[in-house]
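One structure is given here, and the rest of the page talks about it.
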Amino acid sequence: MGLRLVLLGPPGSGKGTLAQMLDERLGLVHLSTGELFRQEISRRTALGGRVSRYVSRGLLVPDALVVRVMTSRLTPGRLRRGIVLDGFPRTVGQAEGLDRFLRRLRQPLGAAVYLACSNAVLLARLGGRQVCSRCGAIYHVRNLPPRRRGICDRCHGKLVVRRDDRVATVKKRLQVDTAQAKPLLDYYTSRRLLHRLNANGSSEHVFKRAVGLFRRQGWDDPPTCLPRR
Ligand code: AMP
């Protein structure tokens with residue numbers, strides 16, 4: 001059975017980038033609420049319409065809706081491969097909803113990994129972040145530039161700055177996140193699932209630290225095959 005992992009951490013801590021690397025290199029299925037919502041908004045679906053007024057202002061989408069949308073994507077096949085959840089859960093209510101769902105399937109969460117980062121690093125990263133308007137891949141003008149400026153390496157889509165990465169919204173997101181984070185960290189600490197990972201430095205360094213953590217914890221069973229030592 002695959003590893004079921006939640007990534008926690010403030011905006012800019014690198015959850016999306018690490019989750020993308022765990023998907024591409026270790027075969028875990030990456031599910032991101034933020035990415036999912038942005039795609040629904042750009043496709044103008046009914047769900048997109050319901051969440052856009054929250055997302056564009058950096059506010060949290062109501063728990064019941066987020067839990068319903070995310071658990072509907074946790075299919076048995078994906079759970080077998082292993083999943084890495086990025087941006088979900090964000091509140092204790094969501095964490096409880098996720099736990100209830102996974103317990104019903106007898107596939108409880110394996111770990112919650114908190115990406116710890118300094119404030120200076122967070123602001124610098126969010127300042128230069130770009131995402132692909134087509135496939136959602138994440139880049140950074142300095143730390144993770146695409147091969148061709150403004151163009152996605154994976155699908156050749158156009159890179160854009162997310163609306164909620166603009167300065168006023170970034171500050172609001174960091175405030176909302178700080179207020180929400182502590183109870184969630186306490187929740188996973190009390191369940192002995194929380195692990196802290198130093199998320200300062202390059203994405204390669206953070207990925208190596210994550211693999212080191214997985215090995216120390218003995219989470220390197222198939223199908224989440226870790227790279228050879
Ligand atoms: P992110 O890409 O994770 O920073 O998410 C972008 C925006 O999507 C957030 O500012 C929220 O408006 C919304 N969002 C993403 N994940 C959640 C969640 N788990 N609960 C509520 N709102 C969310």
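The values are calculated or read from the model by the stated rules, or taken from the named source; none is laboratory data. Remember, it's a predicted structure, so these values are computed and weren't measured experimentally. All Cβ positions, even for glycine, are placed from backbone atoms using ideal geometry, and neighbour counts span all protein chains on display. Keep in mind that these areas ignore ligands, DNA and RNA; they rest on the heavy atoms of the full protein, side chains included. Shrake-Rupley method; radii C 1.70, N 1.55, O 1.52, S 1.80 Å.
May I ask you to list the residues in region 5-34 that are of a type in the set (D, E, K, R), open to solvent by 40 Å² or more (accessible area, probe 1.4 Å) and in contact with a strand residue (DSSP E or B) (Cβ under 8 Å, 6 or more places away or on another chain)?
Step one: filter region 5-34 for residues of a type in the set (D, E, K, R), giving 15, 23-25.
Those still in the list that are open to solvent by 40 Å² or more (accessible area, probe 1.4 Å) too: 23-25.
Of everything in region 5-34, just one residue is of a type in the set (D, E, K, R), open to solvent by 40 Å² or more (accessible area, probe 1.4 Å) and in contact with a strand residue (DSSP E or B) (Cβ under 8 Å, 6 or more places away or on another chain), namely Asp23.
Being under 17 Å from Glu24 (Cα atoms) and either open to solvent by 50 Å² or more (accessible area, probe 1.4 Å) or under 18 Å from the mean Cα position of the chain (by Cα) (or both) is the filter here; which residues of region 132-170 pass it? I'd like the intermediate steps shown before the answer.
Taking region 132-170 first, the residues under 17 Å from Glu24 (Cα atoms) are 132, 135-139, 144, 146, 152-155.
Selection gives Cys132, Cys135, Gly136, Ala137, Ile138, Tyr139, Leu144, Arg154.
How many residues are farther than 14 Å from Ala111 by Cα, out of contact with any Asp or Glu (no Cβ under 7 Å at 6 or more places or on another chain) and surrounded by 12 or more Cβ atoms within 10 Å (Cβ to Cβ) when one looks only at region 172-194? Before the answer, list the steps.
Restricting attention to region 172-194, the residues satisfying the condition of being farther than 14 Å from Ala111 by Cα are 172-183.
This time we only want the ones that are out of contact with any Asp or Glu (no Cβ under 7 Å at 6 or more places or on another chain), so: 172, 174-183.
The next check asks that each one be surrounded by 12 or more Cβ atoms within 10 Å (Cβ to Cβ); those that pass are 172, 174, 176-177, 180-181, 183.
Counting residues in region 172-194 that are farther than 14 Å from Ala111 by Cα, out of contact with any Asp or Glu (no Cβ under 7 Å at 6 or more places or on another chain) and surrounded by 12 or more Cβ atoms within 10 Å (Cβ to Cβ) gives 7.
On the basis of being among the charged types (D, E, K, R), within 17 Å of the chain's Cα centre (by Cα) and more than 13 Å from the ligand (Cβ to nearest atom), does Glu24 make the cut?
On the way: among the charged types (D, E, K, R): yes; within 17 Å of the chain's Cα centre (by Cα): yes; more than 13 Å from the ligand (Cβ to nearest atom): yes.
Here the answer is yes, as Glu24 does meet what is asked.
Just for region 48-64: of the residues that are out of contact with any Phe, Trp or Tyr (no Cβ under 7 Å at 6 or more places or on another chain) and open to solvent by less than 30 Å² (accessible area, probe 1.4 Å), which one is farthest from the ligand (Cβ to nearest atom)?
The initial filter retains those residues of region 48-64 that are out of contact with any Phe, Trp or Tyr (no Cβ under 7 Å at 6 or more places or on another chain), namely 48-50, 52-54, 56-59, 62-64.
Going one step further and asking which of them are open to solvent by less than 30 Å² (accessible area, probe 1.4 Å), we end up with 48, 58.
On the way: Gly48: 12, Gly58: 5 Å.
Residue satisfying both the conditions and the ranking: Gly48.
Looking at Pro62, Pro89, which is the one that is closer than 20 Å to Leu184 by Cβ and within 15 Å of the chain's Cα centre (by Cα)? Give the derivation first.
Working: Pro62 fails: within 15 Å of the chain's Cα centre (by Cα).
Of Pro62, Pro89, the one residue that is closer than 20 Å to Leu184 by Cβ and within 15 Å of the chain's Cα centre (by Cα) is Pro89.
Could you give me the residue pairs with C-beta distances under 6 Å whose first residue belongs to region 151-164 and is more than 19 Å from Gly34 (Cα to Cα), whose second residue is away from the ligand (no atom under 16 Å from the Cβ) and open to solvent by 30 Å² or more (accessible area, probe 1.4 Å) wherever it lies, and which are 6+ apart or on separate chains?
Asp153/Arg147; Cys155/Arg134
Taking the criterion of being open to solvent by less than 30 Å² (accessible area, probe 1.4 Å) and either modelled with pLDDT under 90 or more than 24 Å from Arg81 (Cβ to Cβ) (or both), would at least one residue in region 202-214 satisfy it?
Within region 202-214, the subset open to solvent by less than 30 Å² (accessible area, probe 1.4 Å) is 206-207, 210-214.
Next cut, either modelled with pLDDT under 90 or more than 24 Å from Arg81 (Cβ to Cβ) (or both) only: none.
No: zero hits.
Find all pairs meeting these conditions: Cβ atoms under 9 angstrom apart; at least six residues apart or on different chains; first residue within region 35-63 and within 19 Å of Asp86 (Cα to Cα); second residue assigned to a loop (DSSP other than H, G, I, E, B) and hydroxyl-bearing (Ser, Thr, Tyr).
Sorted first by the residue in region 35-63, then by its partner, the pairs are Gln39/Thr45; Ile41/Ser56; Leu60/Thr91; Asp63/Thr91.
Name the single residue that is farthest from the ligand (Cβ to nearest atom) among those in region 65-95 being free of Cβ contacts under 8 Å to residues at least 12 places away in the same chain and open to solvent by 70 Å² or more (accessible area, probe 1.4 Å). First the steps, then the outcome.
Of region 65-95, the ones free of Cβ contacts under 8 Å to residues at least 12 places away in the same chain are 68, 72, 75, 77.
So of that shortlist, the ones also open to solvent by 70 Å² or more (accessible area, probe 1.4 Å) come out as 68, 72.
Numbers: Arg68: 12, Ser72: 14 Å.
Only one residue tops the list, namely Ser72.
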